[in-house]
1. Just to check your reading of the model, which residue among A:SER150, A:SER206 is of a type in the set (Ser, Thr, Tyr) and in a loop (DSSP other than H, G, I, E, B)?
2. Can you name every residue in segment A:50-89 that is β-branched (Val, Ile, Thr) and not in a strand (DSSP E or B)?
3. Considering each residue of segment B:188-234, count those that are away from chain A (no Cβ under 14 Å), under 22 Å from A:ILE72 (Cβ atoms) and either touching a strand residue (DSSP E or B) at 6+ places or on another chain (Cβ under 6 Å) or aliphatic (A, V, I, L, M) (or both), and give that number.
4. Would you check if there is a residue in segment B:112-129 being of a type outside the set (Phe, Trp, Tyr), closer than 21 Å to B:GLU223 by Cβ, within 14 Å of chain A (Cβ to nearest Cβ) and assigned to a loop (DSSP other than H, G, I, E, B)?
5. May I ask you to verify whether B:GLY24 is crowded, with 24+ Cβ neighbours inside 10 Å and not in a helix (DSSP H, G or I)?
6. Considering only residues that are without any contact (Cβ under 8 Å) to a residue 12 or more places away in the chain and closer than 15 Å to B:PRO298 by Cα, which ones fall in segment B:109-139?
7. Looking only at segment B:29-52, which residues are in contact with a strand residue (DSSP E or B) (Cβ under 6 Å, 6 or more places away or on another chain), within 24 Å of B:ASP118 (Cα to Cα) and either assigned to a loop (DSSP other than H, G, I, E, B) or at pLDDT below 95 (or both)?
Amino acid sequence: MNRVYDLKREVEKPERLTGGHRLCAGCGAGVIVAGVLRALDKEDKAVVVNATSCLEVSTFMYPYTAYMDSYIHSAFENSAATCSGVEAAYKALKRRGKLEETVKFITFAGDGGTYDIGFQSLSGAMERGHDMVYVCYDNEAYMNTGIQRSSSTPRFTRTTTTPLGSAQKGKQQHKKDLTEILVAHNIPYAAQTAPLGNFKDLHIKSHKAIYTEGPCFLNILSPCPRGWDYPMDKLAEIIKLAVDTCVWPLYEVEEGVWRLSYTPKKKLPVADYLRTQGRFRNMFQKGNEWMIEEAQQYVDQKWERLLEHTGA
Amino acid sequence: MSSCLSGNEAVAYAIKQINPDVMGTFPITPSTEIPEYFADYVANGEVTTEYVTVESEHSSMSVCIAAQAAGARSVSATSACGLALMYELLYVAASCRLPITLACVNRALSGPININNDYSDSMGARDSGWIQIYAENNQEAYDNFLMAMPIGESPGVRLPVMTCMDGFITSHAIENIELLETDIVRKFVGDYNPEHYLLKKENPLAVGPYDVSAYYMEHKVQEAEAMKAAKARILEVAAEFERISGRHYGLFEKYKMDDAELALVLIGSSAGTAKAAIDKLREQGVKAGLVKIRIFRPFPGEELARALAGCKAAAVMDKSEGFSANGGPLFAETRSALYDLKERPYLINIVYGLGGRDFKTGDVEKVFDRLAEIVLTGKTGPVYTHMGQRSKEVEA
């Protein structure tokens, strides 16, 4: 990024994800995809890849596509391999003089398609070093099939496969730390971001990921009004709270160097974030105070570890 | 030019001569040698293919689908469980109408795990929308691979093609074969110039939509029509191939069928064994014949019915168990094909050779003995049986 970020200038670019798609009002995925694609330089073409997901079924329902760029969806668990294939074709056609222009390759998949079923495909593609960006829009459950738990779902969350019963209440396990696992792949660039405020963090990281040679990974928090159970006008507020409570820290790891992108002026209690969403309602029942305490402890530990990594 | 190659090396050599844009690979016995030979070509700069060594067969097929959609000619090779792992994507490749070529080196599917030949792998994928071409020997494995792209990439077809050969029997045995000169191969196969592809400069393309009930059926019917159209194209390509090679291919091969009263229908390398047995039986005056199925998808039903119409009895030999409790997959197709004949031969089904179980000329003779008995008595007896396995008596 040579120029200073200017939201007005960025949004004046032609949209690469057009309106009229079928994503829910108040969903994070649409603003994330539009935000990431906005970071492409105007003159560059892209091929967008989707895993099967809410995003896929909402943005490419035959015969309408919401993408201005070329696009491919193949299956749920193979979006990274699919992106590898397009990139391999690009290299082959370039080598043979059949193609001249610059094309960028960007995959979008949900947390189910990334943390779980698409994990092997992702790990393989990152290891092989394709020049591509893999974006996980992390809404912390299988939303397309109706809110089932994934390995990204936080502890105590109510989903349709981790219901509130008399013997068990909500998910029993913590969220998998996928960003750290991707960092361990020694890829040139991995970052956590969110569509926060004026989208500066998301924009800068997206641009960096797209224009860093080699495999890059972005994990982007993507609230879901249906699965998280919040009023649709609360999207921006929830993202702000996720970041200010350090539930979703913004950071990047560039060539092995960790950097914190955002430090809250005042680190807010995790309960402030949890309270905004119906999926955590049980944690606020009388007698369940320990759940909130444990959630706070977990976030604090992770935050401390991140501070150690980043030297902040 | 004459050469002495294993089936795997012959196919790897065919891929080298074609020099495709992308190859997605993952090792699995007995197809592993194909990517191994090809890796040498890559390492020595003899090809300019983008060689993608992925972490699973699921990903190798995913890479092929994406690369082909992006405008690149793509190939892969696999066997058994590898094909099973690709299963979901075989349908995606066919429905996206991407003419990928896959060398399938047939091996028994687990379980129990077994590395030897039968057709449980590719027969499991028979309804996935892929054209399936089976080879009897190394020469056919080479020739079929060269014909795959002109068939699959043809605008009236646009379907992926699986060229199959028998694991170990064909893939690893070394035979004398005739190779074509590379410039002749390249001219025959031609360049891959799809009408629409992801990396096309002029206009973007979207592939793999969510297809609702209002459209899905139309797309499936188009796919079915393409498979029907493939039959004529396969024969066209075979005729073109005969002009450059002198080798003749059809939908199936008829061996001594003109006056045959008793016939076998089977696939692959067992045909060699059957031919040897038939030669011997002919010397003894038995009017025995063979139909060796080369194209299983699209299934040459009408043609097969005509070929068998003059027989008194036929045995369909299935080298895969379909667990339908009503016979193997080749039997189901063959019996269905014969239904429209006014006068049908007696028909039995014998499942044989599973997991690499030997199939010898003596076994073929036994089958013909049984057919002769059926004609003599007019009684078919049990229609669906297995042969070559230990009987309970022998074990005891």
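1. Details: A:SER206 fails: in a loop (DSSP other than H, G, I, E, B).
Of the residues listed, the single one that is of a type in the set (Ser, Thr, Tyr) and in a loop (DSSP other than H, G, I, E, B) is A:SER150.
2. Taking segment A:50-89 first, the residues β-branched (Val, Ile, Thr) are A:52, A:57, A:59, A:65, A:72, A:82, A:86.
Correct list: A:THR52, A:VAL57, A:THR59, A:THR82, A:VAL86.
3. Going residue by residue through segment B:188-234, those that are away from chain A (no Cβ under 14 Å) are B:188-190, B:195, B:221, B:223-234.
Filter once more, so that each one left must be under 22 Å from A:ILE72 (Cβ atoms): B:195, B:223, B:226.
If we keep only those that are either touching a strand residue (DSSP E or B) at 6+ places or on another chain (Cβ under 6 Å) or aliphatic (A, V, I, L, M) (or both) as well, we get B:226.
Residues meeting the conditions: 1.
4. Here is the first cut: in segment B:112-129, the residues of a type outside the set (Phe, Trp, Tyr) are B:112-118, B:120-129.
After this cut, where a residue has to be closer than 21 Å to B:GLU223 by Cβ as well, the list is B:122-129.
Applying the additional criterion that residues be within 14 Å of chain A (Cβ to nearest Cβ) yields B:128.
Now narrow it down to the ones that are assigned to a loop (DSSP other than H, G, I, E, B): B:128.
The answer is yes; a qualifying residue exists.
5. Working: crowded, with 24+ Cβ neighbours inside 10 Å: yes; not in a helix (DSSP H, G or I): yes.
Yes, satisfied.
6. Once the filter is applied, which keeps residues that are without any contact (Cβ under 8 Å) to a residue 12 or more places away in the chain and closer than 15 Å to B:PRO298 by Cα, segment B:109-139 yields only B:ASP127.
7. Step one: list which residues in segment B:29-52 are in contact with a strand residue (DSSP E or B) (Cβ under 6 Å, 6 or more places away or on another chain), which gives B:30-31, B:34-35, B:42, B:49-52.
Narrowing the set further to residues that are within 24 Å of B:ASP118 (Cα to Cα) leaves B:30-31, B:34-35.
Once the filter is applied, which keeps residues that are in contact with a strand residue (DSSP E or B) (Cβ under 6 Å, 6 or more places away or on another chain), within 24 Å of B:ASP118 (Cα to Cα) and either assigned to a loop (DSSP other than H, G, I, E, B) or at pLDDT below 95 (or both), segment B:29-52 yields B:PRO30, B:SER31.
For (1) of a type in the set (Gly, Ala, Ser); (2) within 23 Å of A:SER150 (Cα to Cα); (3) surrounded by fewer than 16 Cβ atoms within 10 Å (Cβ to Cβ), each residue gets a yes or a no:
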site: A:LEU37; (1), (2), (3): no, no, no
site: A:ASP44; (1), (2), (3): no, no, yes
site: A:THR65; (1), (2), (3): no, no, no
site: A:SER74; (1), (2), (3): yes, yes, no
site: A:VAL103; (1), (2), (3): no, no, no
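The values are calculated or read from the model by the stated rules, or taken from the named source; none is laboratory data. What you see is a predicted model; the values in this text were computed from it and never measured. Using ideal geometry, Cβ is built from the backbone for each residue, glycine included, and neighbour counts are taken over all protein chains shown.
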